[in-house]
Amino acid sequence: MADHTQRYVKIGLKIAYYRKLNKLTQEQLAELIDRSASHISHVESPGKAQPISLEMLFSIADALHVPPAKFLEDL
């Protein structure tokens, strides 16, 4: 089975980038997508490779007004 650790880290960093671009805190984003702030923190943490579902990725993309494909570019 392939190891996608670095891909998950890159997705998390992109989420953090677009969240900050939208001037949202982790708590605000978490509230918008009905998740906990600690879960958003784990997803964005470069020290953790936190897998996320497509459902969550789509929710984040909608909340941040970013096409979902932006999170998957250059992986």
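Bear in mind these aren't lab numbers, they're just calculated from the coordinates by the rules spelled out. In this text, all values refer to a predicted model and were calculated from it rather than measured experimentally. Cβ coordinates were reconstructed from backbone atoms using ideal geometry, including for glycine residues, and neighbour counts include every protein chain displayed.
Label-to-label distance for SER53 and ALA69 is 2.5 nm, based on points extended 7 Å past Cα in the beta-carbon direction.
With respect to the chain, whose longest principal axis is taken over its alpha-carbon atoms, helix 54-64 is tilted by about 40°. Mean separation of Cα pairs under 8 Å and 6+ residues apart, divided by the residue count of the range 5-72: what relative contact order is that in percent? Relative contact order for the range 5-72 comes out at 39 percent.
Here the range 1-40 and the range 54-69 have alpha carbon centers that stand 10 Å from each other. Taking the longest Cα principal axis of the chain as reference, the axis of helix 5-21 is set at about 20 degrees. Close amide H partners of ASN22, meaning residues 5 or more places away or on another chain with modelled amide H under 5 Å apart, do not exist here.
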